[in-house]
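Read the structure below first, then the notes.
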Amino acid sequence: MTANTNVRVLPVPAGAEPSTRERVLAAAWKIIDEKGEAGATMRAVAKLANVSRQAVYLHFADRSHLLSSLSGYVDEKVGLGGWMKDIEDMGDGRAMLRRLGETRAQRSQVLASLVRSIEADRYRDEAAAAAWKRRQELNVVWMAKTVVRKLAEEGRVHPSWDHKEAATLLVTLYSFRAWDDLTQARDWPVDRYVEVLAAAAASILAGPSSPQPSGA
């Protein structure tokens, strides 16, 4: 199954005026895409968005909150805002795993520069690290109640697995970093990436969560 990575930015409806929040997010995305995350200071973003710094802070408590909000904004702009709902509506756990890989490939193609910048920022900025941790926790909760639950209902999850722990594993497997390493650094085709991750995730969760004692 070939994943479609040719996403496009959706046009703004004719006559629609972007809100201040949208202008700020658009400006931050443009700066990061052109100059990297370090260039996206609150002052630079405000200047490009043609708003005051106070206006930026009305919508985002600090720079890390602004950066954390960008992925959802970009998802909407490239037509991927409903990807979670699409997966939730699927009726087969293995199909969900494949769709996770396809969606990761689609989103990562567009979000690469943004996510690389935020990933680096979390190692040197306490607020960014806290925002990243909160986002990861939300991802784990969603993965547990959708994909892991469906796989468990189908008898595909070994009873030794705690569902939150299984979800944490899936979030890590389907992380941007894994996609970046496999498809960009190692040149894996997207089809190969999607199928290997789905097979690996299914195989791991089907077995015990820890080595079994000899003779078990």
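Quick note: the coordinates plus some simple rules give every number you see, no bench work behind them. Predicted, not measured: the structure shown is a model, and the values here were computed from it. Virtual Cβ from ideal backbone geometry, glycine too; neighbours counted across all protein chains shown.
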Selection from A55, G79, A152, by position along the positive dipole direction of the chain (Cβ)
A55
Over the Cα atoms of the chain, what is the Rg over Rh ratio if Rh follows Kirkwood?
1.02
For the chain, set up a GNM with springs between Cα atoms under 10 Å and report which of V147, V194, V51 has the largest fluctuation.
V51
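Run the helix sum for the chain: -39,500 (n - 2.57) per DSSP H stretch of 4+ residues, divided by residue count, reported at 222 nm to the nearest 500 deg cm²/dmol.
That comes out to -19500 deg cm²/dmol.
Which helices pass in the chain if a helix is a full DSSP H run, must span at least 30 angstrom along its long axis by Cα, and must have mean Kyte-Doolittle hydropathy not below -0.5?
In the chain, the long hydrophobic H runs are 93-121.
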Please give every one of the aspartates and glutamates within straight-line cross-link reach of K30, meaning a C-alpha to C-alpha distance under 14 Å, and leave out same-chain neighbours fewer than 8 residues apart.
E22
Spatially close lysines, pair count over region 81-206: Cα under 16 Å, gap of eight or more or interchain:
5
Calculate I(q)/I(0) for region 81-206 by the Debye formula, one identical point scatterer on each C-alpha and no solvent, and give its log10 at q = 0.15, 0.16 Å⁻¹ to two decimals.
-0.72, -0.81
Counting only other residues whose beta carbon sits under 14 Å from that of E153, what net charge do I get with K and R as +1, D and E as -1?
+2
Given the C-alpha centroids of region 169-193 and region 66-136, what is the distance between them in whole angstrom?
13 Å
